[in-house]
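Peer 1: The structure that follows is given in the form of structure tokens.
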Amino acid sequence: MSQAIQQAHKAIQIDEIPIGAVIIHNNQVIGRGYNQREHLHDPTAHAEILAITAASNTLEDWRLNDCTLYVTKEPCPMCAGAVVMSRFKMVIFGCYDEEKGCCGSLYQLCGDPRLGQKIAVKGGVLEEECLELIQNFFLAKRKA
């Protein structure tokens, strides 16, 4: 999770909401990403999506069966859908998102048996640190 937090700090440097993600396969990082929606003018440029693209390119396969996604905030519906479609083994996230989180808070997309995949999910890892990043970002925005 500490590497995902490092990615979130990169988002802050370009004035993006600080969300970072890394993907691990066989104890190695194969994909990294941080939020770049504003920077790239792309609504799909979430940390998870960019990390999934990088990991798929590294493995030369869209199937990420034996991979674990670490992300600083609970994935939204789009990102949780991408996790399911990529066939991840596990998702580990930092802070919960009661408004848009789809790995347990609002909905449990990763565990829905109707989608044909059952992905293990663990939330709340380094939760305070991940939440503090986002809260401090928005606090600074309000003061500006």
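Peer 1: Of all residues in region 133-144 being outside any loop (DSSP other than H, G, I, E, B) and of a type outside the set (D, E, K, R), which is modelled with the lowest pLDDT?
Peer 2: Within region 133-144, the subset outside any loop (DSSP other than H, G, I, E, B) is 133-143.
Next cut, of a type outside the set (D, E, K, R) only: 133-140.
Working: Leu133: 97, Ile134: 96, Gln135: 96, Asn136: 95, Phe137: 95, Phe138: 94, Leu139: 93, Ala140: 89.
Across region 133-144, the extreme among qualifying residues is Ala140.
Peer 1: Same structure again: Out of region 81-119, which residues are closer than 18 Å to Gly33 by Cβ, assigned to a loop (DSSP other than H, G, I, E, B) and aromatic (Phe, Trp, Tyr)?
Peer 2: Passing the criteria: only Phe88.
Peer 1: Also, quick follow-up: Please verify whether region 20-35 includes one or more residues that are assigned to a loop (DSSP other than H, G, I, E, B) and within 11 Å of the chain's Cα centre (by Cα).
Peer 2: Among the residues of region 20-35, at least one is assigned to a loop (DSSP other than H, G, I, E, B) and within 11 Å of the chain's Cα centre (by Cα), which makes the answer yes.
Peer 1: Kindly establish whether Asp112 is at pLDDT 95 or above and among the acidic types (Asp, Glu). Full working, then the answer.
Peer 2: Numbers: at pLDDT 95 or above: no; among the acidic types (Asp, Glu): yes.
No: the conditions fail for Asp112.
Peer 1: Additional query: If you check every pair at least six apart or on different chains, which have Cβ atoms under 6 Å apart with a residue in region 79-91 that is open to solvent by less than 20 Å² (accessible area, probe 1.4 Å) first and a residue that is among the acidic types (Asp, Glu) second?
Peer 2: These pairs meet every condition: Cys79/Glu48.
Peer 1: In contact with a His (Cβ under 9 Å, 6 or more places away or on another chain) and part of a loop (DSSP other than H, G, I, E, B): is that true of Glu16 in this structure?
Peer 2: Values: in contact with a His (Cβ under 9 Å, 6 or more places away or on another chain): yes; part of a loop (DSSP other than H, G, I, E, B): yes.
So Glu16 passes the test.
Peer 1: Still on this structure, I have one more. Checking the conditions here, which among Ala55, Ala45 is of a type in the set (A, V, I, L, M), surrounded by fewer than 21 Cβ atoms within 10 Å (Cβ to Cβ) and at pLDDT 95 or above? Spell out the reasoning first.
Peer 2: Values: Ala55 fails: surrounded by fewer than 21 Cβ atoms within 10 Å (Cβ to Cβ).
It is Ala45.
Peer 1: For the subset of region 120-132 comprising residues that are out of contact with any Lys or Arg (no Cβ under 9 Å at 6 or more places or on another chain) and either modelled with pLDDT under 95 or in a helix (DSSP H, G or I) (or both), which member is most open to solvent (accessible area, probe 1.4 Å)? Explain how you work it out, then say what you get.
Peer 2: From region 120-132, those out of contact with any Lys or Arg (no Cβ under 9 Å at 6 or more places or on another chain) are 121-129, 132; that's our starting set.
Right, trim to either modelled with pLDDT under 95 or in a helix (DSSP H, G or I) (or both) and you get 127-129, 132.
Values: Glu127: 70, Glu128: 156, Glu129: 94, Glu132: 107 Å².
Of everything passing the filter in region 120-132, Glu128 is most open to solvent (accessible area, probe 1.4 Å).
The values are calculated or read from the model by the stated rules, or taken from the named source; none is laboratory data. Everything quoted here is computed from the prediction, not taken from an experiment. Positions of Cβ are backbone-derived with ideal geometry, glycine not excepted, and every protein chain shown enters the neighbour counts. The area values use the complete protein model at the heavy-atom level, side chains included, leaving out ligands, DNA and RNA. Shrake-Rupley method; radii C 1.70, N 1.55, O 1.52, S 1.80 Å.
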